[in-house]
Amino acid sequence: MNADLEKLVRLHRVESELAQLESALADLPRQRQELEARLAGERARLDAARAALDGSVKTRKQHESSVQELEAKRSKYKGQLMEVKTNKEYTAALHEIEGVEREIRSREDQVLEEMEKAETLTQDVKREEAAFKLVEQAGKAEAGQLSAREAKLAEERARLRAEREQVAASVPEEAFALYERIARQRGTALSEARDGVCQSCRVRMRLQIWVEVRRNEALFQCESCNRVFYYEPPPPTVVAALRLHIDGASRGNPGEAGFGVYVTTAEGASVASLYGYLGRATNNVAEYQALLHALRFALGQGAREVDVYSDSELLVRQLAGRYRVKNPGLLPLFREASELLARFTRSRLTHVPRERNREADALANRAVDERGSSLGLSPERTPRS
């Protein structure tokens, strides 16, 4: 990766982490308010339950007081019965006493109702007290966690700020000025390029630009949002087993030479098509170069098992130990191939007729025709200008 671009990417990532961290710190007051609101809500429910119980007790006492007053009135009326002189007065006094007794019975019923109600309200208060205690305990624990998180975030913020200053100081002045100018205008100065699209403004770039951006060898800016592109290569696909079809081609033997490698999964699904131009070489050298590139690719993909198919009987039998390597020019290639094969848990080389190796043969000839190489992408994924 271009040195300036690498530093800008690092600066971009540090600032992105710092922005996320600042956002997390800024969100802590809201979380504390929510915590306090939950606790206040539980306290309000407890206070309401206690108020309801107090109100019931107060109402019952009022009814009990009214009963006492009515009983006193009834006693007074009964005492006046001895003083009446006529039947009419006596009847009227009895009527007054009966009215007071009815009121007493009504008040006593209300007292009983409030007593029953108080029993229910007392249970409500106990339940709300227990709930409030749990919420209060949980709130204290959560508040402690928030404080601990705040301290940790503040410590991390200080570290990132220091790292940001260190990285910014390492960026060349011109590149840093460009970074700062775009950041002021757009908020962020860099944008990942993925599948030929700017991931910030979602505008597709021209194909030739996409080819250059993927190399990460220079600073390229988005024609739409002006941000600087950087490209993250996808992680290698890890497969347990691969089939490697290899072939070499030499026109003149020795002559212009190239190699081809067609890679599939054990199930036959296409993985990659590789080819490379070798300049002047023999056919046997081209065959070995095809094998070496195929094995390196398989190791890079994390494959543990390989099946190699070649139409070179010499290569297959030499590596199987059936033929000796007499050509001193092939001996280093043979040794490296043997070492690479030993790194797999299982490897097998099979000799196949040329007609069963057409894909690799076509790739080897393509390398010679184009005098070019493609070492890592299948043809359908190889960008073309």
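Observations, loosely collected:
- In the range 351-385, residue modelled with the lowest pLDDT [restricted to those that are surrounded by 13 or more Cβ atoms within 10 Å (Cβ to Cβ) and polar (S, T, N, Q)]: Ser378
- Yes/no for Asp47 being surrounded by fewer than 17 Cβ atoms within 10 Å (Cβ to Cβ) and either in contact (Cβ under 8 Å) with a residue 24 or more places away in the chain or in a helix (DSSP H, G or I) (or both): yes
- Some residue of the range 341-356 being more than 29 Å from Pro235 (Cα to Cα) and free of Cβ contacts under 8 Å to residues at least 12 places away in the same chain: yes
- For the range 215-233, filtering for residues that are within 24 Å of Ala272 (Cα to Cα), in a loop (DSSP other than H, G, I, E, B) and either touching a strand residue (DSSP E or B) at 6+ places or on another chain (Cβ under 9 Å) or hydrophobic (A, V, I, L, M, F, W, C) (or both) leaves 2.
- Exactly one residue out of Glu212, Glu192, Glu180 is of a type outside the set (A, V, I, L, M) and not in a helix (DSSP H, G or I), and it is Glu192.
- Lone qualifier among Ser147, Ser75 - being at negative phi, exposed (fewer than 13 other Cβ atoms within 10 Å of the Cβ), among the hydroxyl-bearing types (Ser, Thr, Tyr) and under 33 Å from the mean Cα position of the chain (by Cα): Ser147
- Selected residue (criterion: nearest to the chain's Cα centre (by Cα)) from residues of the range 78-103 that are outside any helix (DSSP H, G or I) and among the β-branched types (Val, Ile, Thr): Val84
- For Val285: the one exception among (1) touching a Pro at 6+ places or on another chain (Cβ under 9 Å); (2) surrounded by fewer than 18 Cβ atoms within 10 Å (Cβ to Cβ): (2)
- Filtered residues of the range 246-290 (kept if closer than 17 Å to Arg356 by Cα and among the aliphatic types (A, V, I, L, M)): Ile246, Ala249, Val261, Val263, Ala266, Ala269, Ala290
- Test for Leu146: is it among the aliphatic types (A, V, I, L, M), touching a residue at least 24 places away in the same chain (Cβ under 8 Å) and assigned by TED's automatic domain parsing to the domain that holds Arg45: yes
- Residue satisfying condition, being free of Cβ contacts under 8 Å to residues at least 40 places away in the same chain, assigned by TED's automatic domain parsing to the domain that holds Thr350, over 19 Å from Asp311 (Cα atoms) and aliphatic (A, V, I, L, M), within set Ala281, Ala269: Ala269
The values are calculated or read from the model by the stated rules, or taken from the named source; none is laboratory data. Since this is a predicted model, take the numbers as computed values, not measurements. Reconstructed Cβ throughout: ideal geometry from the backbone, glycine too, with neighbour counts over all protein chains shown.
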